[in-house]
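Take a look at the structure set out below.
The values are calculated or read from the model by the stated rules, or taken from the named source; none is laboratory data. For clarity, every value in this text was computed on a predicted model and none was experimentally measured. No Cβ is skipped: glycine too gets one built from the backbone with ideal geometry, and neighbour counts run over all protein chains shown.
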Amino acid sequence: MTKQELEKAAANGLINRRHLLGLGLAGMGTVASTSLLGAEAGFNLEIPGWSKQPGANASGYGSRSKFTDDMQRMSGNPNPLYPGGGSSRSPLHQLQGSITPNSLHFERHHAGIPDIDPAQHKLVIHGLVRQPLVFNYEDLLRYPMVSKIYFLECSGNSGSLFGPNPADGSAQSLHGLVSGAEWTGIPLSTLLDEAGVDPEARWINAVGADAASMGRSIPLNRAMNDVMLALFQNGEPVRPGQGYPMRLFVPGCEGNISVKWLTQIKLTREPTHFRDETSKYTDTRLDRKSQQFTFPMGTKSVITAPSGQMKLERQGIYQVTGIAWSGRGSIRRVEVSADGGRTWADAMIDSHQSEKALARFRIPWQWSGGDAVLQSRATDSQGNVQPTRTSLVTEKGNISTYHFHGIQSWAINTAGDVSNVYA
Amino acid sequence: MFTLKKILSAAAVSASLTIGLSAVVQAQSLGTPINESQLQGFDLIAQPDGSGYPRGSGTAVQGKAIFERRCVTCHGMTGEGTSTNTRLVGGDMQSEERPIRTVGSYWPHASTLFDYVQRAMPADAPKSLTSDEVYQVIAYVLHLNGIIEDSLVLNKETLMQVEMPNKDGFIDSSQAP
């Protein structure tokens, strides 16, 4: 296929998504018209050394190639005054697909990761129930379970984009507090039904077994819907950093309410108004009233490549790719712009997307060496469209910096440098 | 760890698959009944309606000593904090500038102060304060914000009556679509 046959989908180099496979793109940086390994490179291919001797034996527990060790979560320096507080961000710019490896799933802790012996861990359900109950881990493993693919996003993700000036950041540093996984566990309704919900109960109050005994209040109607007691993540027991031996998982909602190391569920008439649902994770509006219990995460997308702090080394065809998600449904459409939002083209979305899960999108783009601003705009199954940053900040103000879901702009200059801008 | 062994052993004893299947069905009710009285030291939830507060009491005068011993590294000698995140005192939600949000200016319920200090503070030794000490130290934080007198004996009853300046400042979005 020649360049002349490529159907333009939008201005400044965006190519119709149907060319994705035809171009044979293998990832960012692939150039359709040149070859670095061609005859002019002046060498012959030889059988490599690893093809001439037996490799390592199978192992009990796998590890990645040492050549990928640079793929790491990013976390701030430990604060000695706040032991165990902080977060680690997924390397979105290096990942593909819509499932985050457990070792690279983002984390947010409020008092560190407890080292819990599952044989000593208890889950108590009490308060406004017919019969208070205590469960142990072994018995919970015997319950019927469900497996679902969901995203998880910290409500503080992308918060710096509320700021007056664009931060010099990467997809990881700006947006890395979102990840996707398959979660397996027990529908919480199963356990609440076993305890017998009192008709007067309106809220569950979930508390973790970490040093902060982190707690959140969740409306009972949501808790009885699609909330699960998650015991497995991507097929293996939930890792300590994700709440081993068990966590609450509230699909589509701000990550903080999916309480890790879950040890207590108390049913009450009113919410507790925990510190993390009053002082934190609340959104002060321009009229100085503050919204509390803002649970579903907004319709959102971010281009993960090319993305901030990358450099395009040469002109040619690139695969623009990223992730999209919505706390209120599935992703139905992702559009991409290369001219700062003036013209848009539909990106290809992987077909296995589901409700409240990450969807991977891709579209080919020809960079001709000029200035460009790449943006992506998601639409979910409820018709919610991702807003521009300007409209979001105008509507919400920036007193609070939670629940940012505006459009990200990556500028490419003539040198190929990619940077976060407000456009 | 895995239930199959239990199911198989049940089936082997009875030589009947029916027993094995019934064991699976029974596995759906494996919670052990307990009484609320067994949770007295475990349930730390303290709500605005006064539920969940332990016995005990204290004044700001008593709390000052604890605060200066256990809290000032992060929160400063008079609650001014070492960062916006650790500032406990001051601020005005109606100020024209970007409002500084603290316990005094932002938190809508005094119960949250008790609940949070009891479960999570001090950050380097959570749950190391006695109930009396929790009442004392939160009395001091409330006093630093000018919300209570330093002589007020804070206990379950008096804490319920404390009105926070921003008590009407929040909108419940929990049932928003």
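To keep it simple, each residue is scored yes or no on (1) more than 16 Å from residue A:178 (Cβ to Cβ); (2) polar (S, T, N, Q).
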position	(1), (2)
A:254	no, no
A:263	yes, yes
A:285	yes, no
A:347	yes, no
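Would you be able to tell me the number of residues in region A:135-148 that are hydroxyl-bearing (Ser, Thr, Tyr) and facing chain B (nearest Cβ under 7 Å)?
1
Enumerate the pairs (first residue in region B:29-46 and surrounded by 10 or more Cβ atoms within 10 Å (Cβ to Cβ); second residue anywhere and basic (Lys, Arg)) with beta-carbon separation below 6 Å, excluding pairs fewer than 6 apart on the same chain, so at least 6 apart or on different chains.
B:44/B:119; B:45/A:266
When you go through (1) within 14 Å of chain A (Cβ to nearest Cβ); (2) part of a loop (DSSP other than H, G, I, E, B); (3) touching a residue at least 60 places away in the same chain (Cβ under 8 Å) one by one for residue B:134, which number turns out not to apply?
(2)
Per-residue answers, yes or no, for (1) more than 10 Å from every other protein chain (Cβ to nearest Cβ); (2) among the aliphatic types (A, V, I, L, M):
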position	(1), (2)
A:213	no, no
A:226	yes, no
A:230	yes, yes
A:275	no, no
A:291	no, no
A:299	yes, no
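For residue B:82, indicate whether it is facing chain A (nearest Cβ under 10 Å), touching a Leu at 6+ places or on another chain (Cβ under 9 Å), in contact (Cβ under 8 Å) with a residue 12 or more places away in the chain and assigned to a loop (DSSP other than H, G, I, E, B).
Judged against the criteria, residue B:82 is not a match.
Mind checking whether some residue in region B:125-146 is out of contact with any helix residue (DSSP H, G or I) (no Cβ under 6 Å at 6 or more places or on another chain), closer than 16 Å to residue B:167 by Cα, buried (at least 19 other Cβ atoms within 10 Å of the Cβ) and not basic (Lys, Arg)?
yes
Out of all the residues in region A:148-155, is one or more surrounded by fewer than 17 Cβ atoms within 10 Å (Cβ to Cβ) and of a type outside the set (Phe, Trp, Tyr)?
Within region A:148-155, not a single residue is surrounded by fewer than 17 Cβ atoms within 10 Å (Cβ to Cβ) and of a type outside the set (Phe, Trp, Tyr).
List pairs: first in region B:94-118 and more than 9 Å from chain A (Cβ to nearest Cβ), second assigned to a loop (DSSP other than H, G, I, E, B) and among the aromatic types (Phe, Trp, Tyr), Cβ under 7 Å, 6+ apart or cross-chain?
From region B:94-118, the pairs are B:114/B:53.
Taking region A:84-134 as the search range and keeping residues that are hydrophobic (A, V, I, L, M, F, W, C) and farther than 19 Å from residue A:233 by Cβ, which one is nearest to the other protein chains (Cβ to nearest Cβ)?
Keep residues of region A:84-134 that are hydrophobic (A, V, I, L, M, F, W, C), which gives A:92, A:95, A:99, A:104, A:106, A:111, A:113, A:116, A:119, A:123-125, A:128-129, A:133-134.
Checking which are farther than 19 Å from residue A:233 by Cβ leaves us with A:111, A:119, A:124-125, A:128-129, A:133-134.
Working: A:111: 7, A:119: 10, A:124: 7, A:125: 7, A:128: 11, A:129: 10, A:133: 3, A:134: 5 Å.
Filtering first and then ranking leaves A:133.
Modelled with pLDDT of 95 or more, more than 20 Å from residue A:105 (Cβ to Cβ) and within 23 Å of the chain's Cα centre (by Cα): is that true of residue A:280 in this structure?
yes
Please give the strands (runs of 3 or more DSSP E) falling wholly within region A:111-195 in which 1 or more residues are under 15 Å from residue A:263 (Cβ atoms) and either hydrophobic (A, V, I, L, M, F, W, C) or not assigned by TED's automatic domain parsing to the domain that holds residue A:280 (or both).
Where strands (runs of 3 or more DSSP E) fall fully within region A:111-195 and carry at least 1 residues being under 15 Å from residue A:263 (Cβ atoms) and either hydrophobic (A, V, I, L, M, F, W, C) or not assigned by TED's automatic domain parsing to the domain that holds residue A:280 (or both), they are A:122-127, A:133-136.
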